[in-house]
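**Student:** Supplied in structure tokens, the structure appears directly below.
All of the numbers you see were taken from the coordinates with simple rules; none came from a lab. From a predicted model like this one, the values you see are computed outputs, not experimental measurements. Note that we place each Cβ from the backbone using ideal geometry, even for glycine, and neighbour counts take in every protein chain shown.
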Amino acid sequence: MAAKLSSELSDELEKASSDQFLDIILELGSDPQPDSDRGSRQEKSAALKDAFERNLLSVGKAVSDVGGEIIRGAWINRTVRARVPAKMIHELAQHEKIIAVDVPHALTYDSSR
């Protein structure tokens, strides 16, 4: 379970009070991929999105059960941003559909390309 937490999140947890809420990113595991030889790109994308939505229902309930809330989800990379009490993050990380827990990272433009 501790292996699911990023080192940055572990550092944040050491500094946070137990009743403090933290913004976290949950990476969800993937369901089996649709057969690559069947269906259009649109159908495959729809299947991936549907699988993410099914997993999100379960994870969303788990987040709510620990006193947190879902902020938003991104089906394309199977991530969910949530706000959760610091003391409950270890418990939440035990969820079978969650494969990694991290802090949000700002996106930066790579000007070298």
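**Student:** So how strong a dipole does the chain carry about its Cα centre when Lys and Arg Cβ are +1 and Asp and Glu Cβ are -1, to the nearest 20 debye?
**Tutor:** 320
**Student:** Right, here's the next one. Using only helices, what value at 222 nm comes out for the chain when you add -39,500 (n - 2.57) per DSSP H run of length 4 or more and divide by the total residues, to the nearest 500 deg cm²/dmol?
**Tutor:** The per-residue figure over the chain is -11000 deg cm²/dmol.
**Student:** While we're here: Between ASN77 and ARG113, what length comes free when the chain is fully extended (0.36 nm per residue of separation minus the Cα-Cα distance, one decimal in nm)?
**Tutor:** 10.7 nm
**Student:** For the chain, what is the per residue volume of the convex hull drawn over the alpha-carbon atoms, in cubic angstrom?
**Tutor:** It comes to 133 Å³ per residue, whole-number rounded.
**Student:** Taking the chain as a Gaussian network, Cα atoms linked when under 10 Å apart, which of ALA74, ALA86, ALA62 shows the biggest mean-square fluctuation?
**Tutor:** Most flexible of the set in this elastic network: ALA74.
**Student:** Can you give the angle from 0 to 90° between the axis of helix 41-65 and the longest principal axis of the chain, with both taken from C-alpha atoms, to the nearest 10?
**Tutor:** The helix 41-65 is inclined about 20 degrees to the chain.
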